[in-house]
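Take a look at the structure set out below.
Nothing in this text is a laboratory measurement; each read-out follows from the coordinates by a stated rule. Not measured: the values here are computed from a predicted model. Positions of Cβ are backbone-derived with ideal geometry, glycine not excepted, and every protein chain shown enters the neighbour counts.
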Amino acid sequence: MKLKKQILFLFISLIALVSLGRLSLVSYDSFIILDRQPYLQMQTYDSITVKWQSPQEELGCVRYGKTDLSQKACEIKPRRRHKVVLQGLEEGTQYIYRVEANSLHIDNTHRYFSTLAKDINKTQYIWLIGDSGKKSVYQLQVLKSMQEYMLDKTLDFWLLLGDNAYTSGTQKQYNDSFFEPFQDFLKTHVPWALNGNHDARRWAFYDIFEFPTLGEDGGVASGTEKFYSIEQGDLHIVMIDSEESDLSKDSALVQWLEKDLKSNTKKWTIAAFHHPPYTDAGHDSDNSMDSHSRFSLTSRLFLIRENILPVLEKYDVDLVYSGHSHSYERSKLLHKHYGDSTTFDESLHLVQDNDYAYCKNIKKTPYAGTIYTVTGSSVKVHKGDLQHPAMPFSQNKRGSVLLEVNKNSITSRFINIDGEVDDIFTLHKKIKCR
Ligand SMILES: [Fe+2]
């Protein structure tokens, strides 16, 4: 009996030691300041932010200009976490830039960025990756397959659908799984990241990323980095934190969403958040225990479906993208499906029973239909059942989504890591749909 007690004590002590060690390591990795090459943040119509981290405290400077590096902005205090805001820029304009630091070797080759444009008359491209935060060869493979498809066309937005650094979103995990594989791409593209449940386990996410709070990128000012809009040309993108925000009906998020969408006059509206309303892959949108909210005992997937979707659909949001399940799942044009999968009724919820082409009236109409997509298989892949009746186009394959936004149509492609287009659909807007 005594021996049994001793073994149990030893076992519990070992578990406690391992847990404590892991907690210490993860906490250390969360606060550590690691070297980090410069990357772009807070792209607006007249400014952009350049951030990087150096091994020693020093003053950082950024040289920039449209054709030469004749302009210069510097920090006023030496630091290791650098942030230089370039202001007074011209709208919709490309600039070259060079970052100056002493203690960090910076790769300054091919560094350029563009400011946002309020009015543009060209096709816009948006790249979406989801749950891409496991260090692997796949980050570069999804990037390469998108770039090979794009050829010389310019990407306008890069959206990350959350869980961008596994398993705890520490500074070190962000360096290993995000900054390292995307190092070159980050020289010229602004990552607009959503906060996933893995990112939210530590405190690095809002230190690494910066988001508009005052309506700097269009839409209604939210007063928080947790939800905001970005507008360019005919496009209105709503970015929603579904992990740490209250998702209840009378929450600040829902109140802002109502205001933002009500005042939105753009032709195309896209919403993105980490937790999907409909999924049957690694996560199950029928399971009330799946992905609990800290604000209630309800699943975040349920809260999104019950409290966010009615607002999105009321204001005629066209496309919704999520991650969380490591799969690709896609609906047809839907509305008013706010229950679990057993309540899905094609006669009630399907607006158009087409597979690849949909049409909506050019005039915004409440509940005119929304297409929902889960894109959480950019790096990890679940062996999910993929049986959700609202999501007939589903597969467990690695890849990413490329959106092509034209004047009268928007096309979404799922490009797998071999460069093949596995799913494609187009939503048209017309004065009259047949
Ligand atoms: Fe997740």
**Prompt:** Could you list, bin by bin from short to long, the percent of Cα-Cα pairs of the chain in 20 Å steps?
**Reply:** 25, 56, 16, 2, 0
**Message:** Just to confirm a number: summing +1 for Lys and Arg and -1 for Asp and Glu over residues other than ASP340 whose beta-carbon lies under 9 angstrom from that of ASP340, what do you get?
**Reply:** 0
**Asked** R0 = 41 Å: FRET efficiency of TYR367 with LYS66, Cβ-based, nearest 0.05?
**Response** 0.35
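Relative contact order (percent) for segment 124-430, with alpha-carbon contacts under 8 angstrom and 6 or more residues of separation? Show your work: numbers first, answer last.
On the way: 757 pairs, mean separation 60.9, N = 307.
Value for segment 124-430: 20 percent.
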**Complete:** Per segment 54-197, sqrt(5λ) over the Cα gyration tensor eigenvalues, sorted largest first, in Å, gives 26, 23, 13
**Fill in**
Residues whose built amide H sits under 5 Å from the amide H of ASP423, excluding neighbours closer than 5 in sequence, are PHE414
**Given LYS83/LYS383; LYS259/LYS429; LYS77/LYS380, the pairs whose alpha carbons are separated by over 30 Å** = LYS83/LYS383; LYS77/LYS380
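Which of the helices in the chain, when you take each full DSSP H run, stretch at least 30 Å along the axis at their Cα atoms and have an average Kyte-Doolittle score of 1.0 or higher?
Details: long enough: 2-31 (43 Å, 1.12).
TM-like helix candidates: 2-31.
Report the FRET efficiency, 1/(1 + (r/R0)^6), for LYS249 and ASP107, where r is their Cβ-Cβ distance and R0 is 30 Å, rounded to 0.05.
Once the sixth-power term is evaluated, E becomes 0.05.
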**Request:** Can you list which of the chymotrypsin sites (Phe, Trp or Tyr not before Pro) found in segment 326-434 are DSSP loop residues with at most 12 other C-beta atoms within 10 Å?
**Result:** TYR356
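Trypsin sites (Lys or Arg not before Pro) within segment 281-372: which are DSSP loop residues with at most 11 other Cβ atoms inside 10 Å? All intermediate terms of the calculation are to be shown ahead of the outcome.
Working: sites: ARG294, ARG300, ARG305, LYS314, ARG330, LYS332, LYS336, LYS360, LYS363, LYS364; in loops: ARG294, LYS332, LYS336, LYS363, LYS364.
Listed in order of number, the matching sites are ARG294, LYS363.
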**Complete:** Note, THR154: beta-carbon cut-off 13 Å, +1 each Lys/Arg, -1 each Asp/Glu, net -1
**Request:** Return a whole-number percent for the relative contact order of segment 90-179, with Cα pairs under 8 Å and 6 or more residues apart as the contact set.
**Result:** 28 percent
**Fill in**
With +1 at each Lys and Arg Cβ and -1 at each Asp and Glu Cβ, the charge dipole magnitude of segment 36-114 around its Cα centre, to the nearest 20 debye, comes out at 300 debye
**Cα centroid of segment 221-248 to Cα centroid of segment 117-167, whole Å** = 19 Å
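Please report the relative contact order for segment 36-114, taking Cα pairs under 8 Å with a sequence separation of at least 6, and give it as a percent rounded to a whole number.
33 percent
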**Cut-off under 5 Å, modelled amide H: who pairs with HIS82 long-range** = TRP52, GLN53, SER54
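Which net charge results when you count Lys and Arg as +1 and Asp and Glu as -1 among the other residues whose beta-carbon is under 13 Å from that of GLU231?
-4
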**Message:** Placing +1 on the Cβ of each Lys and Arg and -1 on the Cβ of each Asp and Glu in segment 124-430, which of LEU247, GLY369, PHE182 has its Cα farthest towards the positive end of the resulting dipole?
**Reply:** GLY369
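With charges set only on the Cβ (+1 for Lys and Arg, -1 for Asp and Glu), what does the dipole of segment 124-430 come to about its Cα centre, in debye to the nearest 20?
So the dipole magnitude of segment 124-430 works out to roughly 400 debye.
Per the helix-only calculation at 222 nm, which mean residue ellipticity applies to the chain, given -39500 (n - 2.57) for every DSSP H run of n ≥ 4 and division by its residues, nearest 500 deg cm²/dmol?
-5000 deg cm²/dmol
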